[in-house]
Every structure is written in structure tokens, then in C-alpha cells.
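The values are calculated or read from the model by the stated rules, or taken from the named source; none is laboratory data. All values reported here derive from a predicted model rather than from experimental measurement. Here the Cβ positions follow ideal geometry from the backbone for every residue, glycine too, while neighbour counts run over all protein chains shown. For the accessible areas, the whole protein counts, side chains as well, though only heavy atoms, and no ligand, DNA or RNA atoms are used. Shrake-Rupley method; radii C 1.70, N 1.55, O 1.52, S 1.80 Å.
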Amino acid sequence: MTPAFFPKAAAWRPIALAALFCCYFASVVQIALMLKSYSGFVGLRSTLLYSLLWLIPLLMTQRIKLAGALIGLLLWASSLAGLGYFLIYGQEFSQSVLFVMLESNPGEMGEYAGQYLSVSFVLYLLLYTLVGVWLWSRLQPVTLPLRWRALLIAGLAYGLLLHPFVKTHWDNPTNLARTQKQLLGKMEPAAPWQLVIGYAQYRQQLAHMSQLLEKNSALPPLQALKDNSGDAPRTLVLVIGESTQRGHMGLYGYPRDTTPRLTAMAHQDPNLTVFNDVVTPRPYTIETLEQVLTFANEKHPDRYLTQPTLMNLMKQAGYKTFWITNQMTLTARNTLLTVFSRQTDRQFYMNQQRSQNTRQYDESVLGPFVEVLADPAPRKFIVVHLLGTHIRYENRYPQPFEQFEKSAPLLSTLGQQEQQTFDQYDNANLYNDFVVSSLFDTYRHSGKQGFMLYLSDHGEEVYDTPPHQRQGRDELAPTRNMYTVPFLLWTSPQWANAHPRDLAATVNRKYSSAEFIHTWSDLAGLSYQGWQPQLSLVNPQFVEQPRWIGNPDHPHQLRTFDSLPNG
């Protein structure tokens, strides 16, 4: 093979300039996100690779300036939304952002634009545009021989688009749909696919959500509903945590002081009740809340579709209802959460990230919580849904809460990486303590009559169970830590005096949050056809039930939590 077979280096220079031009528009935000540690290298890698698809039309023409201008205009215009969102929030644009934007009214959008349209904002966009124009001005006609251009075009098309489908076809043809979904996920960070795919996903999930909401609105109301709590104004708050097992909370005896504020509150405030033996039916958010917020349970898992939800119940009882969430808003996994939220009167969506694994802090819910408490409605029901201690743990807390990575290890058998994960989970619990205690403090000092209840959706295994080699959640191989959750109740003095209960006698009862709606109804003084006092954790008629765990779609896999080894 002679050296002349390969094109000279000068022939590759226009290709390199064109590639830089194509990658510029989408990579700026991804590089900034990576530098700020809001996302890893995966988003930037996907952006660079799939931006190279725009090389194909540039390789097929000698009028590269005209083609580059058209492509550049498309990439520039479609990337402005992502850049603008990053400049304002420091986060990545996603279909959740589209949901919030498109579901807002024109007045809200005008207020939004007026609030953030500043001189510095315009200057950043101008600089971004000028760099793009300068890169366009450097484009040169491609002199690469035709056979090399054809090979390059074929390589790009096959490697980025066709290879995943060819590989899937040979390995398992039934997975083609999943391959398409994965491919779109890789393309999404790059312009213009960020808008195109994001909008398509928004429309798809919106249609699914609308169907579920229509079915919910057609459900008959609860029969014989009575409110036995009188006519006094009241505000009832439900705080739902995420991935927080009580075994890593100092409040429950953990050796590290991961909950200093809640522990102090438990010692000083007699109105806070700490329940010691509550578990969740499943180790996954959506599947758990299908039961916690409805009449569904492990034996009747579909009742969330056929009977009213907790939100329906509270609205029927005359409460103005609110939902404040730091969970992702509109994704294939989170559509049901958005359906639950849309069953309330007013919603606050604080997390518009594209990925759950990016940096997002729960203190974002504190401002809306203060706003909602000030609402003049005489009866209010507020749900606050946190991101809690969700993996990746290091993205759940700001730097001041990085306290335990220099502490003495609790488990000498862990490797360096496992120990770091273990410590980061404790840091996340320390920050979660700050957020949850702040919500309790805000509610306590508001003077509102009622109660506030905090529980986590599920737990998490963090190398706690011997042989200390597992982390995460898997209901096919369950451990106790995946299911044990905190359950805290603060009752205002006025409410406690008007509705006296011996809560101290109930704190050690074995309970599953699958029957939570009966406990909440009891606390709120609501009774109706179908309410069962024996399923209420705080009722004198309470009867311990088998605490089923497992996938109810496979009944043979169900087992009781109490049958799990103590580890």
C-alpha cells in the first residue's frame, strides 16, 4: 500500500473545521454542565457523536458556505432554548421543561421572560452567536476524494444510526423498539433533537397522562363521606421522601449523626411522634405510590385505577389541594406521578432535569411551601415530594453537607469505591435532615392547625446486609433495608387538643404503608364507605396485617417482609 493511497493532511482540514462547526452549537451547554458537575461525560459524548451527523450533508456539496449557513441557522435556533435555560437555572433542558412551559398560560410566560431578560443574558447569547458565525466563516470546500467522502458518510450513518439496529436484529429482533428508544435517548442532548425528541416525548406522555386523568375523573366519589373534625380551618401536609431507609438515620439509632435536627426535635417537641416499624410494599417509587396514595395494596394492585385516590378524597372533603415536587415531571417512568399531581388544584414542578442522576437539591421546595401555607383557603391539603437520597447520592447535597467522607469507616470490609458511596449516602441523609426539618419548622411556626406527616417511598440497600456487597434495590433479591422507612408525625397543639390520641401507644406497631390511605383518613377525621379502622396505624381498632412485599403481578413471588432474614 503506497502513501499516496491516503489523502494528504490538508484534505482533512476542511472536514475538521466542519466537524467543529457542527459540534459547537450543542456542546457548549454540555461542557458547562459537566464543568459544574451537574452531569457526567455521557451527555457530552452523545452530543459530540450525534452532532457529527450534520457532516453528512456538508460532505455531499461543494457549496459548503450555503449548506453550513442553513444547518448553522437550524442548530443555532434550536439550541437557544437549552442555552437560555442553562443561563437561568444552570440545568439541562428537557421534556419536563417543555411540559411546564406549554402548560403555562401566556401571562405566566410573559412574566417569566420579563424576569430573566437582562443585559448580561443578551450579551451571553450574542457572544454565543458571534462564535458560531466565526466558525461558519472558517468553513472551506471539501477537497477529500469522492471515495473517501463516501466511506466517511457510510461510516457515520452506519456507526451512529444503523449499527444498533443491525446488532439488535442479529441478537434479539424483539428488542428493536427498545433499541430505537435507546438511540433517541443518546441523540436527545444534541440540537435540534433536544427540542424534536423532547416535544415528541412530551406529546406521548401527555396523551398517556390525559387518558389516566380522564379515567380518574370518571370514577364515582366515595360514598357516605363524613368529616368528623369540625369546621375549624386546618392545613394537612404530607411529605414524601425518596430512597431513605431509616437504618441510616441517627434518629433511629444509627451511630453517625445523620439527623441532628430531627433528633433534637424528637427530644424537645412532644408533638413529634416517631414510628419505629413501618415498611413499604415495594422498593420502587412509582409502584409504591400506586399503593400509598390509593386503595391499592399487594393483593389488589389495580385499585389505583378503579377507586379514588388520596387527592380525590381530600378534594371531595372540601380541601384546596396542592402538589410541590422536586421529582422529574414528565418522563415515561414519572407519568403516573404527574397524573397524581394533576389531581390537585395547584402544582409546583421544581425539577426539569433530563436525567434523575443530575444535581438537584430539595431546598427548592421550601419557597413554594411557604407560598402555599399563606394561601387563604380555610382547608388545605399539601403534598411535598422530595428527591431525598436518590442515587446518585453525591448529587443530592451541596458541599457544606459533605461531612462523612473523612469519618472513620463503619464497615472495614468495604473497598474504597464502596466506602465512598456509603459515606455519600450518609451525606445525603444529613442534607435530607436539613430539608425535612426545615419543612417541619416552617409548618410549626406558621400557626396552622392540623398535622404534617413525613415518610419515605422506599428504602435502599447501601452495603448494610452481610456480606456487604450489594447496593441499590431489587425485589427479586430483597433485603430489609430496601423496605424500612422513616415515618414521622407532627401534630399542632390545637389539633392535638381538639382530637386527642394516645400516639405513644402506637409507635411500635408493625405497619405497611400500602394501607396508608386508611391511616391518613383516620388522622384527618374522615370516614366513608370502604374505610377500615383496623388498617389505620393510629386507630384503637388496629390489627396487624401480613406485610406483603414483591411484585403483585406475579403473586407466587409475594412474601412477607417479616420473613426476610435480619441480616
Here are the criteria: (1) touching a residue at least 24 places away in the same chain (Cβ under 8 Å); (2) on the phi < 0 side of the Ramachandran plot; (3) not β-branched (Val, Ile, Thr); (4) not in a strand (DSSP E or B). Tell me which single one HIS518 does not satisfy. (1)
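Restricting attention to segment 40-63, which residues are of a type in the set (S, T, N, Q) and open to solvent by 30 Å² or more (accessible area, probe 1.4 Å)?
Passing the criteria: THR61, GLN62.
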Considering only residues that are among the small types (Gly, Ala, Ser) and open to solvent by 30 Å² or more (accessible area, probe 1.4 Å), which ones fall in segment 440-469? SER446, GLY447
Being surrounded by fewer than 19 Cβ atoms within 10 Å (Cβ to Cβ) and at pLDDT 95 or above is the requirement here; does GLU418 meet it? no
Somewhere in segment 499-506, is a residue among the β-branched types (Val, Ile, Thr) and under 30 Å from GLN420 (Cα atoms)? no
Residues ASP457, ASP433: which one is touching a strand residue (DSSP E or B) at 6+ places or on another chain (Cβ under 7 Å) and of a type outside the set (A, V, I, L, M)? ASP457
Working only within segment 489-524, note down all residues that are more than 32 Å from the chain's Cα centre (by Cα) and not polar (S, T, N, Q). PRO493, TRP495, ALA496, ALA498, HIS499, PRO500, ARG501, ASP502, LEU503, ALA504, ALA505
Could you grab the pairs with beta carbons closer than 8 Å, sequence gap of 6+ or different chains, first residue in segment 62-74 and under 14 Å from ALA19 (Cβ atoms), second one among the aromatic types (Phe, Trp, Tyr)? GLY68/PHE21; GLY68/TRP136; ILE71/TRP54; GLY72/PHE21; GLY72/PHE25; GLY72/TRP136
Identify, by number, the condition in (1) at pLDDT below 80; (2) surrounded by fewer than 16 Cβ atoms within 10 Å (Cβ to Cβ) that SER96 doesn't meet. (2)
Here is a list of conditions, (1) over 19 Å from GLN347 (Cβ atoms); (2) out of contact with any His (no Cβ under 6 Å at 6 or more places or on another chain), and THR280 meets all of them except one; can you say which number that is? (2)
From the options LEU162, LEU222, residue that is more than 30 Å from VAL365 (Cα to Cα), outside any strand (DSSP E or B) and at pLDDT 95 or above: LEU222
